1. So which pairs qualify, if the first residue must be in region 355-375 and of a type in the set (Ser, Thr, Tyr), the second must be assigned to a helix (DSSP H, G or I), the Cβ gap must be under 8 Å, and the two must be at least 6 apart or on different chains?
2. Residues of region 70-97 being surrounded by 18 or more Cβ atoms within 10 Å (Cβ to Cβ) and assigned to a helix (DSSP H, G or I), which ones?
3. In region 374-415, what residues are among the basic types (Lys, Arg) and either surrounded by fewer than 20 Cβ atoms within 10 Å (Cβ to Cβ) or more than 20 Å from the chain's Cα centre (by Cα) (or both)?
4. Only one of Asp352, Asp256 is open to solvent by less than 40 Å² (accessible area, probe 1.4 Å) and closer than 22 Å to Pro475 by Cβ. Can you tell me which?
5. Return only the number of the condition from (1) within 21 Å of Met146 (Cα to Cα); (2) in contact (Cβ under 8 Å) with a residue 40 or more places away in the chain; (3) surrounded by fewer than 18 Cβ atoms within 10 Å (Cβ to Cβ) that Tyr272 does not satisfy.
6. Quick test for you: out of Ala148, Ala122, pick the one residue that is surrounded by 15 or more Cβ atoms within 10 Å (Cβ to Cβ) and either at pLDDT 95 or above or under 26 Å from the mean Cα position of the chain (by Cα) (or both).
7. Which ones in region 45-69 are in a helix (DSSP H, G or I) and either under 30 Å from Phe179 (Cα atoms) or in contact with a helix residue (DSSP H, G or I) (Cβ under 7 Å, 6 or more places away or on another chain) (or both)?
8. Is there a residue being assigned to a loop (DSSP other than H, G, I, E, B), over 18 Å from Gly377 (Cβ atoms), in contact with a Lys or Arg (Cβ under 9 Å, 6 or more places away or on another chain) and not hydrophobic (A, V, I, L, M, F, W, C) anywhere in region 220-237?
Amino acid sequence: MPQNPEKVIDHLQLFREPEYKEIFASKRANFEFGHADEEVARVAEWTKSEEYKEKNFSREALTINPTKACQPLGAVFAAQGFEGTLPFVHGSQGCVAYYRSHLTRHFKEPNSCVSSSMTEDAAVFGGLNNMIDGLANTYSLYQPKMIAVLTTCMAEVIGDDLQGFIVNAKNKDSIPQDFPAPHAHTPAFVGSHVTGYDNMVKGILNYFWDAPDAAARVESDAINIIPGFDGYAVGNNRELKRIFGLFGIDATIISDVSDVFDTPTDGKFRLYDGGTTIDQVKAAKNAKATISLQEYCTPQTLSYIKDKGQDVAKLNYPVGVAATDEFLVKLAELIGKPVPAELTLERGRLVDAIADSHTHIHGKRFAIFGDPDTTYGLARFLLEMGAEPVHILSTSGSKKWEKQVQKLLDSSPFGASGKAYGGKDLWHMRSLLFTDPVDYMIGNSYGKYLERDTKIPLIRLTYPIFDRHHHHRYPTWGYQGGLNVLVRILDKILDDMDNHTNIAGETDYSFDLIR
């Protein structure tokens with residue numbers, strides 16, 4: 001074998017060595033029992049056709065690579081945005097390993113979450129004993145300020161009652177009677193991570209706002225912001241705080257994960273870091289208004305908050321000029337202050353940057369996939385740059401979302417060829433890309449397989465991003481965030497131009513130094 005301690009070969013080269021090529025060829029010939037290469041090629045070509053697309057879009061019982069994760073992952077993400085909070089997943093250890101690894105792979109940060117470790121006996125007799133022991137261990141070992149309890153498929157199928165189990169656990173002295181332990185039922189077999197986010201945020205607000213000893217609501221001038229499930233939360237939440245500082249206000253971010261997913265390496269381990277404090281959560285009940293920056297992440301939470309007497313506003317991922325305008329105008333209206341001059345200058349700089357670069361973006365056709373709010377926001381920004389969002393797909397997208405996106409497309413001549421696809425997956429997107437090709441895709445890391453298959457370049461701008469590093473540290477919201485998104489899109493377009501004009505003597509007549 002070519003590998004040895006003196007010269008360790010990276011896997012990028014190792015598996016191309018003759019010994020490995022021989023192993024792979026033997027495995028394929030003697031153990032895989034596949035079809036002939038000619039038949040594989042024939043079927044592969046057929047899957048690119050309109051005939052296959054019709055069959056693909058008519059399937060009902062199968063989902064192939066959806067653009068979503070399950071409810072508990074969103075609930076874990078939401079819970080970690082509160083100070084000193086440890087998510088407690090009532091279910092199996094394997095489920096928790098998935099949530100932790102999924103978030104760690106995106107944020108490149110250790111992720112803390114515990115489990116009640118349900119196994120076969122708990123699936124038959126119920127998980128009460130697991131809850132009693134698990135909460136006791138969590139409280140004594142990790143010393144959290146709050147434990148946020150949520151469920152997985154197993155606990156939901158057998159019908160475990162979280163509220164009753166937590167009460168019983170407190171009666172057994174697993175945790176003190178006054179220790180905060182909000183909960184949310186998050187069955188993984190329905191909804192998605194955005195649903196789980198909504199359930200957990202509502203569950204935490206409900207726990208404090210409707211507690212027997214909770215004070216009556218006394219309206220203040222404060223504002224709450226709910227960011228929603230966001231893969232760029234580190235950069236975006238800090239951008240929100242900068243904007244609040246320019247306004248001179250102290251708005252409360254409900255579930256602020258920016259610090260826990262971006263801890264420093266300074267010799268000190270932080271199991272918890274930052275987050276919305278319990279006192280802030282309690283005081284948030286008195287705010288005059290709450291703004292959700294992602295409508296489809298917060299429908300139940302906003303309904304609950306509205307019932308408490310607050311004004312609510314819902315946006316759809318404030319990226320680009322118009323969406324940021326909408327957010328800042330709403331914020332200014334609620335607090336009774338004008339938009340700061342510095343933000344007005346930033347707006348002008350973003351408009352100027354778009355004007356500088358619009359010739360490269362104008363008329364380019366895009367496919368977008370991801371969460372409902374993210375895809376809507378990105379499509380809106382593409383339209384104002386003169387690009388054409390053609391295929392907008394979200395597995396979590398509802399009929400309401402489809403109509404909302406279609407209304408957006410109909411508002412611009414650049415949306416004439418666009419269509420929204422709610423409830424569809426990336427195998428549907430593959431058919432769309434082959435039968436109605438675009439110039440570029442915007443999505444997450446799973447799109448790299450579509451890129452390899454269709455040769456359509458992928459721009460990574462949605463969650464999750466596993467195969468690139470540190471994108472989450474840069475904002476996509478606000479005028480500054482819009483500039484970051486513009487640069488990300490432009491870099492891919494200009495790199496693509498260079499890659500198609502770099503053969504000396506053949507295509508390099510357009511291999512320009514200045515673009």
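1. Ser357/Leu486; Ser357/Leu490; Thr375/Val405
2. Taking region 70-97 first, the residues surrounded by 18 or more Cβ atoms within 10 Å (Cβ to Cβ) are 70-92, 95-96.
Listed by number, the residues that qualify are Gln71, Pro72, Leu73, Gly74, Ala75, Val76, Phe77, Ala78, Ala79, Cys95, Val96.
3. Selection gives Lys399, Lys400, Lys403, Lys407.
4. On the way: Asp352 fails: open to solvent by less than 40 Å² (accessible area, probe 1.4 Å).
Testing whether each residue is open to solvent by less than 40 Å² (accessible area, probe 1.4 Å) and closer than 22 Å to Pro475 by Cβ leaves just Asp256.
5. Just one mismatch for Tyr272, condition (3).
6. Values: Ala122 fails: either at pLDDT 95 or above or under 26 Å from the mean Cα position of the chain (by Cα) (or both).
Being surrounded by 15 or more Cβ atoms within 10 Å (Cβ to Cβ) and either at pLDDT 95 or above or under 26 Å from the mean Cα position of the chain (by Cα) (or both) holds for just one of Ala148, Ala122, which is Ala148.
7. Correct list: Trp46, Glu50, Tyr52, Lys53, Asn56, Phe57.
8. Here is the first cut: in region 220-237, the ones assigned to a loop (DSSP other than H, G, I, E, B) are 220-222, 227-232.
Keeping just the survivors that are over 18 Å from Gly377 (Cβ atoms) gives 220-222.
Those still in the list that are in contact with a Lys or Arg (Cβ under 9 Å, 6 or more places away or on another chain) too: 220-222.
This time we only want the ones that are not hydrophobic (A, V, I, L, M, F, W, C), so: 220-221.
Looking through region 220-237, at least one residue is assigned to a loop (DSSP other than H, G, I, E, B), over 18 Å from Gly377 (Cβ atoms), in contact with a Lys or Arg (Cβ under 9 Å, 6 or more places away or on another chain) and not hydrophobic (A, V, I, L, M, F, W, C).
The values are calculated or read from the model by the stated rules, or taken from the named source; none is laboratory data. Remember, predicted model here, so these are calculated numbers, not experimental data. Virtual Cβ from ideal backbone geometry, glycine too; neighbours counted across all protein chains shown. Each accessible area value is taken on the protein alone, full model and side chains, heavy atoms only, with ligands, DNA and RNA left out. Shrake-Rupley method; radii C 1.70, N 1.55, O 1.52, S 1.80 Å.
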